[in-house]
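The values are calculated or read from the model by the stated rules, or taken from the named source; none is laboratory data. Here the structure is a predicted model, which is why all the values come from computation and not from measurement. Positions of Cβ are backbone-derived with ideal geometry, glycine not excepted, and every protein chain shown enters the neighbour counts. Surface areas here come from the heavy atoms of the whole protein model, side chains and all, with no ligands, DNA or RNA. Shrake-Rupley method; radii C 1.70, N 1.55, O 1.52, S 1.80 Å.
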Amino acid sequence: MNILIVSQQYWPENWRIVDAAEELVRRGQRVTVVCGVPNDASGNLLPEYRDSTKWIQSHNGVSILRVFDHPRKRGDFNLFAKYMSFANKATKLIKTLAGDFDVVFSNQLSPVMQVQPAVVYGKKWNKPVLMYCYDLWPESLAARGVTSNGITKPIYRHYLKVSRSLYNAVNRILVTSPDYLSYLNQVDLVPETKMDYLPQYAEDIFSKKANPLLPGSTKHNFVFAGNVGMAQDIECLLKAARQLEKDPEISVHIIGAGSDMTSCQRMAEQLKISNVVFHGNMPLESMPEAYESADALLVTLSDVSFLRYVLPGKLQSYMEYGKPILCAANGATPKIIAEAECGYSVDSGDFLGLAQLMQKIASMSSTEKNALANNAQNYSKSHFDRKSFFDRLETELETLAKR
């Protein structure tokens, strides 16, 4: 197959879509990616990509075509500008491409408008479009205070119309959380027969144990890894850590970056929280060493209606590595942790409860912690297997291409 992937985020930034595109190439497919220009941890354009000759590249067998979208930076304005600039510029680029692709794969992170270029190509050349849906629109607007009531109602209604149009314009939707199916059907009016659940997979790098290595480690380490944004409710994590400051053997480690990183660091300084280490971004290759240093791995999500549907991608990696998982969230995430019997959960925002869970894990014997870790790994093998994911994805793409 000749596959066109549309994804605003791509290499050299660390996203799962990079591994997905390269795996499809290894399986004998031809892959071209239309994406934006990469940003650094602060949301600024990587300096080397000011050179437009680097907007057409090839990496590990994948052809890459870039558009100059707005830098991510901080603030709602910049975020919105980045979203819209990619949708518009990628659509303009995609109209110039020949019609020799067999199928289009839309990697739909936020916002739903990311799928627009894929839809335009599909309509122009009568090609099928497969969307892999990480995000729910217009529900995710609630995280920015836009709801179906009050003064933001007109904005919500506009994006409800946009969302319904785009979700229904693709041929097939695979979702990352089973709870997405009912929402897309009931709110965005997507037929149930058009959708199915395909959970994210755990990367191979987390299937092997590593030697522990984490700067600032103490006897008991609790690690959060991933995006540091409004949705992740790092404030809850910082408040939980503050409850544990009197115990010098416990430390909390935050690995990653994002739009809320500066405000979280400022909060830690203002509250004089001494047992939290901000590591910033780490290379993927270093993550197993960080995970091995942890007594447990952490998931926190804000109490926003949209996030109750979400299964964050870090959950698969955590489980595959095999560590107890502690969670402060509502909805789908604690449901999976309970089903796997691999950790413990409290409600979103319950920092006191989260602190108590960390104390509980710290007081456990190695045998007790290993039992939770083994449950996590077993669940990952049976539900989040990488090979099974790509077998299924390839079959879905081939079925659409033949149709």
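Before moving on, here are some points about what is shown:
- Counting only alpha carbon atoms, the long axis of helix 76-94 and the longest principal axis of the chain meet at about 30°.
- What separates the Cα centres of region 379-396 and region 329-345 is a distance of 21 Å.
- Relative contact order, whole percent, for region 128-169 stands at 31, derived from Cα pairs under 8 Å and 6 or more residues apart.
- Accessible surface ranking that places the most exposed of Arg386, Arg144 first, with a 1.4 angstrom probe: Arg144, Arg386
- The local environment of Pro178, defined by Cβ-Cβ distances under 12 Å, has a net charge of -2 under the rule Lys, Arg +1 and Asp, Glu -1.
- Relative contact order [Cα under 8 Å, 6+ residues apart], the chain, whole percent: 13 percent
- Ranked packing of 259-265, 242-248, 342-348, most packed first, by mean Cβ within 10 Å: 342-348, 259-265, 242-248
- The apolar share of the surface of the chain, taken as the fraction of accessible area on carbon and sulfur atoms (1.4 Å probe, ligands and nucleic acids excluded), comes to 50 percent.
- Region 17-84 and region 267-295 have their alpha-carbon centroids 27 Å apart.
- When both region 113-144 and region 157-181 are represented by their alpha-carbon centers, they are found 7 Å apart.
- Ranking Ser217, Gly256, Leu400 by how far each Cα lies toward the positive end of the dipole of the chain (charges on Cβ) leaves Leu400 at the top.
- In the full protein context, region 1-63 carries 42 Å² of accessible surface per residue, based on a 1.4 Å probe and ignoring ligands, DNA and RNA.
- Annotation: per residue accessible area for region 243-399 equals 41 Å², rounded to a whole number [probe 1.4 Å, protein chains only].
- Value of relative contact order over region 150-254, rounded to a whole percent, pairs C-alpha under 8 Å and six or more apart: 22 percent
- Which labelled figure in (i) 63, 49, 45; (ii) 78, 57, 39; (iii) 69, 41, 36 is Cα extents along the principal axes in Å, once derived from the coordinates: (i)
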